[in-house]
Amino acid sequence: MTRRLLAGTATTALLAAALTGLGLAQPALACACGAPAPPAGTVVTVGEEHAIVSHDGETERIELVLDMLTEGADTGLVVPTPSPATVSLGDPRLFTALDKQTAPTVEVVEDWWGLGGDGAAAGAPPTVLSQVDLGPIEAVTLAASDAKGLKKWLAANGYGIDPGVQDLFADYIDRGWSFAALKLTGEEPLDGALDPVRFEFATSELVYPLLLSQASSRPQTVRLYLFGDDGMQASFPDGAVAGNVTWAGPVTQAALAPLGGYLTVVEAYFADPASQITGDLTITSTGTRPDYTPIVTRTKYVEIGGLPMGIAIASVAAVFGLMLLLVIIGGIVHRAGERRRARRLY
């Protein structure tokens, strides 16, 4: 069966405001596919989120990379999944291949003139299904039947979840989803990207968990890399298509070939996540192949002797023009003098 892949990038600015008079940071709000969960009093900033999600008809695989900046050495992330996930280290080479695959066409424009341009009540606690140590990451897979119990467990284990995000847990629990709770641990605050983390779980439908981003008070940008036999699209539960195509074409990178023969890149910007993000995204085929490669224009300055070529040529031409004019004027003056001398002789 043809494998399909979706990858998302959400660029978020999640600097939490300090609580007035207390000097404590609020928990960071949701990023695209999950909720950052720092300990109380810790500020976490998510610069970029990259996720690759593949599906073989039975099992979905998400490979997630976060570029994070934290004040403390510990922070975490909670990701909902339709069924319990197995968590392991991912393959960073896939992200490198995606960068090469989706590189824009570069057009060079020569510039000869130098002009420029360019706290919850007690409830049923979740069941810990698995726990794995991945070096700087501790991953726990949870099955929850009660939102209050899940909130209490997360708080007791150092996951600071924004109240707006917590309110959305019940939706996933009602649908029978599970949660993968990641805790980034280390001796120093995190500043940069971690290696990919892979989530694998059973599902019959290719989905991308986006609902938690509804709680974000900041705009969200999501980039989806969609693989299939033809063009692909991402849609909300009401059928609304998310984003615009920013790249589409046959797959040429060998590392990406097992994921599908055709790649569609969709980018969506949500200025008001609360009203624009209405649920998780489902991925389907469009049945067409709308090849599209963006064009980036770069200026190449043509110079000689430190001067723009056009100015240099114009300057030389002006000098030669002046010399020619002087020669012409000299010839006219000379001929006029010759005529005057000839009249005197006669």
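Just a few scattered comments:
- Candidate lysines for bridging to residue 300, where Cα separation is under 28 Å - those fewer than 8 sequence places away on the same chain excluded: 100
- Extent along principal axes [Cα atoms of the range 196-275; Å; largest to smallest]: 40, 29, 26
- Those lysines that a straight Cα-Cα span of less than 20 Å connects to residue 151, excepting residues fewer than 8 apart in one chain: 183
- Per-residue 3J(HN,Hα) values for the range 147-163, derived from phi via the Karplus relation 6.51 cos²θ - 1.76 cosθ + 1.60 with θ = phi - 60°, read 5, 5, x, 5, 4, 5, 5, 4, 5, 5, 9, x, 9, x, 9, 4, x Hz in sequence order (x marks Gly and Pro).
- When each of the peptides 253-266, 132-145 is scored by how many other beta carbons lie within 10 Å of its residues on average, the order from highest to lowest is 253-266, 132-145.
- Taking other C-beta atoms within 10 angstrom as a stand-in for reagent exposure, 161, 52 fall in the order 52, 161, fewest first.
FYI, it's all coordinate maths here, none of it is from the lab. Owing to the predicted nature of the structure, the values given are computational and were not obtained by experimental measurement. Positions of Cβ are generated from backbone atoms using ideal geometry, with glycine treated the same way; all protein chains shown enter the neighbour counts.
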